Amino acid sequence: MNQQTKNDRAAWLQGSLAKCSAPPVETQSPWRVVLLGAPGVGKGTQADLLQERLGACHLSTGDVFRAVGSKGACEPTPAMKTALEYMRAGALVPDTTVWEMVRERSGCIRCGGGFILDGFPRTLAQAEALKKHMESEGLSLSAVVNYELPLTEIVARLSGRRTCEKCKSVFHVTNQPPKQEGVCDRCGGRLFQRDDDRPESITVRLEAYERSTAPLIRFYKDLGLLVSVPADGPPDEICANTINALEAFTPQDDRGH
Ligand code: AP5
């Protein structure tokens, strides 16, 4: 991946007809990694850091739904409109809608630069669909990272999060404040609070995580792919721990192809 230019992930965010501004460089042993962990544990923050260090692209399903819902985007389909209602309430979007959206973007899954999936899969049905799809393409996951953090810290991180409406960079009002309040350090865009970071949606999201997403830990453990990493401490330290854990876990020859 070009380290100087931040990839706009256009093909992922807008669909397969769009072109990425700086697609990742194809390598013989790309990283194909899934990030698991409760809402607010720091998956997006880590995916951004890992993207720079591993060269693989950050693919977030939540970012796609937010891009569809943002002003100026083209008219969303009825399925997408329903998806946005689920998302704003903090509930999971139905599996069929999610899988349809990921399948339309399967070029990003195939991409020779690899990927860091953030927020997908989120249910056993999604995990099975991804596994089947990757097997049919002759691909395999390098590893699945599970980030762990106490609940009180998770709620504090979600309540103080601010996101850039242009480049999607993530800040926190106290933990990672921008240099100028309300303005993105990277692109100067306006920072906003996500609808689903309000207290009533946070509770629904954490319940949905326990019910639907936590069982994925067992699923990937049984497949021998799970790597657990504590998510407390500064982001750079967590990122370094993640890379150490990934490299210890996945020899280059076994990273899939
Ligand atoms: P999505 O966007 O995936 O949200 P999420 O999984 O709930 O995760 P978050 O983005 O809230 O948190 P994060 O772990 O990325 O934390 P972050 O790095 O931002 O999904 C949103 C919704 O879309 C879902 O609820 C659902 O409706 C729908 N959806 C998406 N995918 C779906 C799917 N596959 N199936 C069904 N529905 C789906 O960090 C949080 C805050 O903490 C930030 O402010 C950050 O600055 C701060 N922070 C991060 N790291 C640290 C640190 N080390 N120390 C201190 N502060 C930190």
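Can you tell me which of Leu223, Leu246 is open to solvent by less than 30 Å² (accessible area, probe 1.4 Å) and of a type outside the set (Val, Ile, Thr)?
One residue alone meets the criteria, Leu246.
For the subset of the range 110-124 comprising residues that are over 15 Å from the mean Cα position of the chain (by Cα) and open to solvent by less than 60 Å² (accessible area, probe 1.4 Å), which member is nearest to the ligand (Cβ to nearest atom)?
Cys111
When Glu26 is evaluated against the numbered criteria (1) in a helix (DSSP H, G or I); (2) over 22 Å from Gln176 (Cβ atoms); (3) in contact (Cβ under 8 Å) with a residue 24 or more places away in the chain, which criterion, by number, is the only one it fails?
So Glu26 meets the others, but not (1).
Could we say that Leu92 is modelled with pLDDT under 95, assigned to a loop (DSSP other than H, G, I, E, B) and more than 25 Å from Ser21 (Cβ to Cβ) here?
yes
Within the range 179-198, can one find any residue that is in a helix (DSSP H, G or I), open to solvent by 30 Å² or more (accessible area, probe 1.4 Å), more than 21 Å from Ser60 (Cβ to Cβ) and modelled with pLDDT under 95?
Looking for residues that are in a helix (DSSP H, G or I), open to solvent by 30 Å² or more (accessible area, probe 1.4 Å), more than 21 Å from Ser60 (Cβ to Cβ) and modelled with pLDDT under 95, one finds none in the range 179-198, hence no.
Would you mind stating whether Arg205 is touching a helix residue (DSSP H, G or I) at 6+ places or on another chain (Cβ under 9 Å) and within 10 Å of the ligand (Cβ to nearest atom)?
Against the criterion (touching a helix residue (DSSP H, G or I) at 6+ places or on another chain (Cβ under 9 Å) and within 10 Å of the ligand (Cβ to nearest atom)), Arg205 qualifies.
Which pairs turn up if I take residues in the range 206-232 that are part of a loop (DSSP other than H, G, I, E, B) and look for partners that are open to solvent by less than 30 Å² (accessible area, probe 1.4 Å) and away from the ligand (no atom under 15 Å from the Cβ) with beta carbon separation below 7 Å, at least 6 apart in sequence or on another chain?
Leu225/Leu141; Leu225/Ala143
Would you point out which residue out of Thr174, Thr163 is over 13 Å from Ala38 (Cβ atoms), in contact with a Leu (Cβ under 9 Å, 6 or more places away or on another chain), of a type outside the set (Lys, Arg) and not in a helix (DSSP H, G or I)?
On the way: Thr174 fails: in contact with a Leu (Cβ under 9 Å, 6 or more places away or on another chain).
Checking each option against the conditions leaves just Thr163.
Restricting the search to the range 130-169, which residues are within 16 Å of the chain's Cα centre (by Cα), open to solvent by less than 20 Å² (accessible area, probe 1.4 Å), more than 9 Å from the ligand (Cβ to nearest atom) and within 24 Å of Thr97 (Cβ to Cβ)?
If the condition is that a residue be within 16 Å of the chain's Cα centre (by Cα), open to solvent by less than 20 Å² (accessible area, probe 1.4 Å), more than 9 Å from the ligand (Cβ to nearest atom) and within 24 Å of Thr97 (Cβ to Cβ), then Leu130, Val144 are the ones that fit.
Testing Gly107 on (1) within 9 Å of the ligand (Cβ to nearest atom); (2) assigned to a helix (DSSP H, G or I), one condition comes back false. Which one is that?
For Gly107, the failing item is (1).
Return a yes/no flag: does the range 77-89 have any residue that is at pLDDT below 90, away from the ligand (no atom under 15 Å from the Cβ) and open to solvent by 30 Å² or more (accessible area, probe 1.4 Å).
Yes, there is a match, as at least one residue in the range 77-89 is at pLDDT below 90, away from the ligand (no atom under 15 Å from the Cβ) and open to solvent by 30 Å² or more (accessible area, probe 1.4 Å).
The values are calculated or read from the model by the stated rules, or taken from the named source; none is laboratory data. In this text the structure is predicted, and so the values were computed from the model without any measurement. Please note: Cβ atoms are built from the backbone with ideal geometry, for glycine as well, and neighbour counts cover all protein chains shown. Heavy atoms of the whole protein, side chains included, go into the accessibility calculation; ligands, DNA and RNA do not. Shrake-Rupley method; radii C 1.70, N 1.55, O 1.52, S 1.80 Å.
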